[in-house]
Amino acid sequence: MSNSENNKRIAKNTLALYFRQIITMVVALFTSRIVLQTLGVTDYGINNVVGGVVAMFGFLSNTLMVITQRFISVELGKGGNLDVLQKIFSTSMILHIVACVIVVILAETIGLWFLNNKLVIPAERIVAANWVYQFAVFGFVLSLLNAPLTALIISHEDMHIYGYMGIFDVVIRLLTVYLLVIINADKLIFLALFGFAVTCVVWLFYFIYCRKKYRYARFSFVYDKSMSKEISGYGGYMFIASVLMVFNIYGINIMLNMFFGPAINAARGIATSVNTALMSFGNNFKQALNPQLMKSYAQNDPEYMWNLVERGTRMLYFLFFIFSVPLLLETDFILKLWLGKVPEYTAIFTKLIIIVLLTEGLSSNLTTINHATGNIKAYCILVYYTRSVITLLLSYFVCKAGYKPQYVLAIPLFMFPIFMVLHYIILKKQVNFSIRFFAKKALVPIFFVSAVSFFPFYFVDKLFYESFFRSCVVIIISMLWTGIVIMFIGLKKNERIKIVAFVKRKIGLAV
């Protein structure tokens, strides 16, 4: 497949994922409100907090999926030997089965004890909460077994499947709301049961699709010592990184709670929700780009790989940035419009988390190249592990010293330049990474786009009083202005031509 065809495939897959994301988000906003009204505050809270206990294991599913995707994508880039691919798939399935056993043991012992002894649940709803918990546990087990199948689809770049599943998700969400309203039973237990049934259907769909689509998707108890060692070694470093990330997230939440009270957790939770919604748009593009990055490395095509890295870095940043600008400019207005009563510190937390997201995007594709090499020991130790530990320790000292809570969320920004340099040094040794090339082609355009996009709005606060009309105008104009700046400063001439041609085709103006 030529580089031009690869680029078209990335664009097509990104659009498919965006279509799925937009539909899912719109329906989620609609259904979540009805579910809250139907269940009531108590049952809605139980459903969220009990599901949250199981969600703590979620990092395991994502980590194992990334591991499988990496090895399959690299092998496909090398030519795709069916015997090797089947060994990778079978070895991955064995690891997932082992992970499922571990999760069930932990969930049915420590997790169950925590549910019944530590969580604050009304006595009359404890039985329902246990039903919800069991459905959540075994639903997660199925999701874990589904991870290798999802990895196959991503590696083969069959992203249209996600579009179909997005439509299915919309239909199921709407059906759930309808049944929840009319059902004459314990609505909380029904919601958990129906969710588990949907998980079963999704797993069955992926299982049948992968068996029919990919000839090597056949599980067998094979043991290849060298491959098992390679996958386990790579997976071990990734697993530890994921565990530290979870400890980092929950540790900071606990510290904020201990030093500043639960209201701070509410503020951070709202800011994190904004960040998650924003991140999902960029991640769709990243998910479509990652397989190509790994395959280009495996094919030993450095020119295409580095061009893809710099172009992908710019595009990923711009996708985040075009939505970030209005959020950063009118944070207070948007939060008040959305929530009504906004908890203290929510606005500053939201701004800091968005800025952190933008900076993290600068190294995202470089991380993918590091994963493609398989030599992730130095990167994990120096970047993942060290950063997680230092962030947690500094957060504690900042809280203990009596600084305001926003300084805790600002810590990653101060640490970012140091770990970015470490990242560059590691890649320089591994794959002859050119810092000058990356800075010139990616970082410099990103800097100018960021500066020029915000500059005109510096004078808005000086010249106009705050009002509903002013805020709406700023939001609209800032997105339009940022789009123009990206087109003429952030993009190359050939990229602009392709985008204009694409838009013309879509609106029926192509010659």
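The values are calculated or read from the model by the stated rules, or taken from the named source; none is laboratory data. Model, not experiment: these values are computed from the prediction. No Cβ is skipped: glycine too gets one built from the backbone with ideal geometry, and neighbour counts run over all protein chains shown. What goes into the accessible areas is simple: the full protein's heavy atoms, side chains included, and nothing from ligands, DNA or RNA. Shrake-Rupley method; radii C 1.70, N 1.55, O 1.52, S 1.80 Å.
A simple spin-label model places pseudo-atoms 7 Å from Cα toward Cβ; at Val104 and Met487 they are separated by 5.7 nm. Cross-link reach is defined here as a Cα-Cα straight distance under 17 Å, omitting same-chain residues fewer than 8 places apart; for Lys428 the aspartates and glutamates meeting it are Asp301, Glu303, Glu310.
About the centre of its Cα atoms, the range 348-471 shows a dipole size close to 320 debye [charges on the beta carbon of Lys, Arg (+1) and Asp, Glu (-1) only; nearest 20 debye]. Within the full protein context, the accessible area of Thr350 is estimated at about 0 Å² for a probe radius of 1.4 Å.
When only the heavy atoms of the protein chains count and the probe is 1.4 Å, how do Val383, Val389, Val356 rank by accessible area, highest first? Spell out each step's value before the answer.
On the way: Val383 5, Val389 70, Val356 30 Å².
Per-residue accessible area, sorted high to low, gives Val389, Val356, Val383.
Projecting the Cα atoms of Leu319, Val342, Trp306 onto the charge dipole of the range 303-391, computed from C-beta unit charges around the Cα centre, puts Val342 farthest toward the positive end.
Any idea of the accessible area per residue across the range 116-206, 1.4 Å probe, to the nearest Å²?
Working: 4080 Å² over 91 residues.
The answer is 45 Å² per residue.
What does the C-alpha gyration tensor say about the overall shape of the range 274-360? Classify as rounded when a/c is under 1.5, otherwise prolate if a/b is larger than b/c, or oblate.
It comes out prolate by the Cα gyration axes.
Each part reduced to its alpha carbon centroid, the range 222-278 and the range 407-454 end up 23 Å apart. Average accessible surface for the range 225-358: 43 Å² per residue, computed with a 1.4 Å probe over protein heavy atoms with every protein chain in place.
Extents of the range 356-401, taken as max minus min of Cα coordinates on every principal axis and listed largest first, are 42, 24, 7 Å. With a/c under 1.5 counting as rounded, go ahead and sort the range 199-318 into rounded, prolate or oblate using the C-alpha gyration tensor (a ≥ b ≥ c being the square roots of the eigenvalues; past the cut-off, prolate if a/b is larger than b/c, else oblate). The shape class here is prolate. Accessible surface of the range 66-208, 1.4 Å probe: 73 percent of it comes from carbon and sulfur atoms.
Other residues whose C-beta falls under 13 angstrom from the C-beta of Arg218 contribute a net charge of +4, scoring Lys and Arg +1 and Asp and Glu -1.
Pop the C-beta distance of Val500 and Lys440 into the FRET formula with R0 = 25 Å and round what comes out to the nearest 0.05.
Values: r = 25 Å, r/R0 = 0.99.
E between Val500 and Lys440, to the nearest 0.05, is 0.50.
Using the Karplus curve 6.51 cos²θ - 1.76 cosθ + 1.60 with θ = phi - 60°, work out ³J(HN,Hα) for each residue of the range 191-198 in order, rounded to whole Hz, and write x for Gly and Pro. After applying 6.51 cos²θ - 1.76 cosθ + 1.60, I find 4, 5, 5, 5, x, 5, 4, 5 Hz. Across the range 444-458, computed HN-Hα scalar couplings (Karplus, 6.51 cos²θ - 1.76 cosθ + 1.60, θ = phi - 60°) run 5, x, 5, 4, 5, 4, 5, 5, 5, 5, 8, 3, x, 7, 5 Hz from first to last residue, x flagging Gly and Pro.
In what sequence, largest accessible area first, do Glu75, Glu230, Glu360 appear using a 1.4 Å probe?
Values: Glu75 25, Glu230 105, Glu360 65 Å².
From most exposed to least exposed: Glu230, Glu360, Glu75.
Considering only Val408, Tyr385, Ser364, the residue lying farthest towards the positive end of the dipole of the range 336-427 is Val408, judged by Cα position with unit charges set on Cβ. Working note: Karplus 6.51/-1.76/1.60 with θ = phi - 60° gives the range 478-484 the couplings 5, 5, 5, 5, 4, x, 5 Hz, where Gly and Pro are set to x.
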